[in-house]
Amino acid sequence: MKRWIIVAATALAVPTAAVPAAAKAAPADPAAALQARFVAGHGVRIVESGRTYSGRELLSAQKRRGTVEFGPSGVAGHDVLSKSDLPGDDATPLRTRSVGGDTYLSGGMIGRRWVRSSDRAASPFFTPVMLLEPATLKSLLPAGKKGGSAGRKAGPSTFKGTTTLGALYRVSPSYRASLGGKRPAAAVAATKVSWRLWLGRDRLPARLVTSWAVPPRDMRVTRVSDVRFSSWGTPVTLTAPTPAPASGEAGS
């Protein structure tokens, strides 16, 4: 009898011991899971499809793909190639690289040379929702068991909801930077942004779809973005390119 009890106890202990330690340590909170990925020299791959409509008419379409580099405190830079996604449009792709707070452009109407941009591209996305900021991600998700302020569960790993550009201004450093730190006008701040978010098993963002109207609303201009995230932790080391000399300077 004693031998049977020992064997049974051992058998019951095996499944618990077999659980990987990494799985136990994985953050359950998506914002914490994102924060844990902020390691210098690593990042994530992104692919984004952006559309602009006037009513049902497609005005523009673009495809963005590239990598985002992280630092210890968040996004440190990005390298993204953007091109038109309209049928029959063969416009030269535009490459944007942001390193150390500076932004460089190459391609498109600029040509093959690199040019330093006067505008800082604080976000690599077409969508105003910079999901790679823990504060922005947290603002979308339900808060605790009682439900959240902006979003709600739409499935086992899917959430959806509505926010505003005013709310994004309050929580998102990149959105504030895109406005030069100036508060958005009342009509802009009230603009609603509908969103749907998919999380992976690691609790990290896998996909984000957003749509929002562009004031003035009487023009019925809306924008839609679909971002896919992959290869979390991929090695990324971005360096600043050598920009072309200013007009009148020596060189080519």
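What follows draws every value from the coordinates through simple rules; no lab data is involved. Only a predicted model underlies this, so the values are computations on that prediction, with no experimental measurement involved. Note that each Cβ is placed from the backbone with ideal geometry, even for glycine, and that neighbours are counted across all protein chains shown.
A compact table of results
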{"read-out": "Residue 131 long-range amide H proximity, modeled H, under 5 Å", "value": "none"}
{"read-out": "Aspartates and glutamates with Cα under 15 Å of residue 182, excluding same-chain neighbours fewer than 8 positions away", "value": "119"}
{"read-out": "Net lengthening on full extension, residue 47/residue 65 (0.36 nm per residue, minus Cα-Cα)", "value": "6.1 nm"}
{"read-out": "Hz values of 3J(HN,Hα) by residue in region 82-99 - Karplus curve (6.51, -1.76, 1.60), Gly and Pro given as x", "value": "10, 8, 5, 10, 7, x, x, 8, 10, 4, 5, x, 10, 9, 10, 10, 10, 9"}
{"read-out": "In order through region 194-203: 3J(HN,Hα) via Karplus (6.51 cos²θ - 1.76 cosθ + 1.60), integer Hz, x for Gly, Pro", "value": "7, 9, 9, 10, 10, 10, x, 5, 7, 6"}
{"read-out": "Separation of alpha-carbon centers, region 55-127 and region 147-187, rounded to whole Å", "value": "22"}
{"read-out": "Cα→Cβ-extended label distance, 7 Å offset, between residue 214 and residue 32, nm", "value": "4.0"}
{"read-out": "Modelled FRET efficiency - R0 30 Å, residue 113 with residue 58, Cβ distances, 0.05 increments", "value": "0.40"}
